[in-house]
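For reference, the structure is listed below as structure tokens.
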Amino acid sequence: MSIITTLVSLLIPLMTKELVDGFSMSSLSWKQICLIIAVFIVQALLSAYATYALSYNGQKIIAGLRELLWKKLIKLPVSYSDRNGSGEMISRMTNDTMVVKELITTHITGAVTGIISVIGSIIILFVMNWKLTMLIFIVLPLAALILVPIGRLMHSISKETQAETATFTGILNQVLPEIRLVKAFNAEDIEFNRGMKGISKLFKLGLKEARTQSLVGPIVTLVLMGALVAVIGYGGMQVSSGVISAGSLVAFILYLFQIIMPMGQITVFFTQLQKSIGATDRIVEILATEEEDLQAGKTLSNAKQSIIFNDVTFAYEEGETILSHIDLKIEAGKVTAIVGPSGSGKTTLFKLLERYYLPSEGRIEIGSEQLNDFSLQSWRNHIGYVSQESPLLAGTIRDNICYGLDREVTANELKKAAQMAYALDFIEELPEQFNTEVGERGLKLSGGQRQRIAIARALLRDPEILMLDEATSSLDSQSEQSVQMALDQLMVDRTTIVIAHRLSTVVDADQLVFLEKGVITGIGTHSELMKSHALYREFAQQQLKINSELVEKV
């Protein structure tokens with residue numbers, strides 16, 4: 001439709017030529033006037049429809065791109081998120097796709113129709129008077145020589161702007177969710193200055209872009225106005241000498257405007273194109289990253305089997321070994337506690353069990369088969385994970401307890417899970433009960449309440465393998481007691497692996513594994529390690545001494 005609109009517009013100067021050359025009140029017919037009006041109306045209607053149609057399709061294209069990018073980001077492995085901040089990924093999803101949307105919905109039509117208008121006008125001008133047309137071709141190459149380097153500069157500025165926007169979005173994403181921490185430590189000025197650095201850099205880049213863009217319009221106008229003056233001057237001489245008619249000169253000037261105006265649109269398009277290329281570089285990089293295939297592999301039907309680490313070594317970066325030659329058997333249906341000083345590799349061990357990362361060397365087995373032979377989805381379906389600060393998503397308590405389940409959960413199931421997690425009493429005291437909104441990251445609830453909802457979520461999944469990252473370490477004594485009772489319910493008849501920061505919570509574990517600088521230095525029960533492992537004994541004595549001192553003070 002845009003092309004048809006442009007072709008129709010090419011008829012108008014020719015009709016104007018006929019009107020001017022044969023103009024007199026007696027020769028002016030209603031038929032001629034109606035024809036010109038009809039052409040204008042048809043052009044306007046086609047243009048309106050074409051603009052809407054292209055915007056509609058442009059929006060669909062961008063929605064498809066965002067869908068593709070969102071699906072990719074969701075399916076990328078945890079290792080990608082560890083390397084790239086969430087703010088940067090948000091920027092790719094919002095800011096970069098918006099730049100591409102502007103190109104498709106706003107500038108492509110102008111560029112396509114502009115090119116047709118320029119080519120069509122030049123062809124007609126050559127037919128009308130080739131000598132006059134040659135004047136235009138003297139100035140167009142000059143414009144190209146100036147505009148091509150400017151386009152390259154715009155590309156460079158755009159890439160830098162998109163990278164800086166992503167960094168700034170990252171700062172916002174870090175600070176705003178943790179505004180309570182900022183307030184608690186009077187860090188408003190520090191964070192303000194951090195934000196101002198990003199704002200200042202974006203401002204300078206914006207000025208750089210504005211300076212570059214400000215050159216484009218005047219240069220194009222100067223060049224094309226020079227062409228217009230030359231055409232009018234030379235054309236006027238030809239009219240006076242009778243070589244061409246006055247109508248031909250008027251038509252020539254109108255066609256020249258049909259070259260000048262689209263040239264501006266084409267210039268803006270190429271400037272925007274350079275920005276879009278800069279914006280899409282990182283999008284392409286994300287789309288090219290290998291994602292997790294959740295379905296690849298066999299289906300694990302029975303997870304009530306021993307988990308075996310067979311000479312497992314792991315490093316996030318080459319040369320920086322976190323776990324070294326781990327040989328460990330986690331008995332099915334029993335409690336295994338991972339203990340040791342901070343930085344010893346306890347959390348990394350959990351990441352390998354969740355299959356967020358693969359071992360650098362060695363293998364992890366379940367029963368007699370390698371864990372990697374099973375699909376990620378079927379493996380993770382058997383795991384219930386409760387962390388130290390169990391995350392909740394904005395939504396209702398019901399949404400959070402049922403999170404991740406692809407089946408309808410009955411009211412009885414929901415109540416039973418909440419009751420077993422010792423969460424039903426406080427939920428029923430809330431005005432909206434299970435429909436109560438928990439707020440961003442669950443901040444409307446206390447730490448103990450969040451933990452019990454997380455335990456209810458794990459109970460509802462009925463996992464065969466339970467992973468606990470010391471779920472009571474950050475709670476007050478009353479909440480700890482409730483949560484510990486809920487955990488006792490959760491751990492019954494399940495393979496349980498616990499990261500322990502406080503030995504008092506795991507002294508009754510079937511097996512304690514002591515990690516030290518990524519190496520297992522002791523395995524056994526509490527009493528066995530007290531006899532055979534000096535560092536464990538020291539840990540235990542320190543904690544028991546602290547506990548006894550607290551009891552005495554009370």
* Scanning for something at pLDDT 75 or above and either surrounded by fewer than 16 Cβ atoms within 10 Å (Cβ to Cβ) or assigned to a loop (DSSP other than H, G, I, E, B) (or both), does the range 451-459 turn up at least one residue? -> no
* Return the only residue of V127, V139, V112 being more than 30 Å from F168 (Cβ to Cβ), modelled with pLDDT of 75 or more and over 37 Å from the mean Cα position of the chain (by Cα). => V127
* Name, by its number, the condition in (1) open to solvent by 30 Å² or more (accessible area, probe 1.4 Å); (2) in contact with a His (Cβ under 7 Å, 6 or more places away or on another chain) that does not hold for G278. => (1)
* Asked: If you go through the range 206-245, how many residues are within 38 Å of the chain's Cα centre (by Cα), aliphatic (A, V, I, L, M) and open to solvent by 80 Å² or more (accessible area, probe 1.4 Å)?
  -> 1
* **Check on E365, surrounded by 15 or more Cβ atoms within 10 Å (Cβ to Cβ), at pLDDT below 80 and charged (D, E, K, R)** => no
* In the range 484-507, residue nearest to E470 (Cα to Cα) [restricted to those that are among the charged types (D, E, K, R) and modelled with pLDDT of 75 or more] -> R494
* Counting only residues that are assigned to a strand (DSSP E or B) and small (G, A, S), which one in the range 321-371 is nearest to G297 (Cα to Cα)? -> G362
* To do: For the range 271-320, name all the residues that are within 19 Å of I366 (Cβ to Cβ), in a loop (DSSP other than H, G, I, E, B) and over 22 Å from the mean Cα position of the chain (by Cα).
  => Q295, A296, G297, T299, L300, S301, N302, A303, K304, Q305, S306
* Would you point out the residue of the range 465-483, among those that are among the charged types (D, E, K, R) and open to solvent by 40 Å² or more (accessible area, probe 1.4 Å), that is modelled with the lowest pLDDT? => D476
* To do: Say whether the condition of being at pLDDT 75 or above and basic (K, R) is met by at least one residue in the range 525-532.
  => yes
* Could you check, for the range 45-65, whether at least one of its residues is surrounded by 14 or more Cβ atoms within 10 Å (Cβ to Cβ) and farther than 19 Å from T113 by Cβ? => yes
* Taking helices (runs of 4 or more DSSP H) that do not extend beyond the range 380-450, which have at least 1 residues that are polar (S, T, N, Q) and surrounded by fewer than 19 Cβ atoms within 10 Å (Cβ to Cβ)? -> 411-420
* Name the residues in the range 289-311 that are over 18 Å from L376 (Cβ atoms) and either in contact with a Cys (Cβ under 8 Å, 6 or more places away or on another chain) or open to solvent by less than 20 Å² (accessible area, probe 1.4 Å) (or both), would you? -> F309
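The values are calculated or read from the model by the stated rules, or taken from the named source; none is laboratory data. These figures come from a predicted structure and were not determined experimentally. No Cβ is skipped: glycine too gets one built from the backbone with ideal geometry, and neighbour counts run over all protein chains shown. Surface areas here come from the heavy atoms of the whole protein model, side chains and all, with no ligands, DNA or RNA. Shrake-Rupley method; radii C 1.70, N 1.55, O 1.52, S 1.80 Å.
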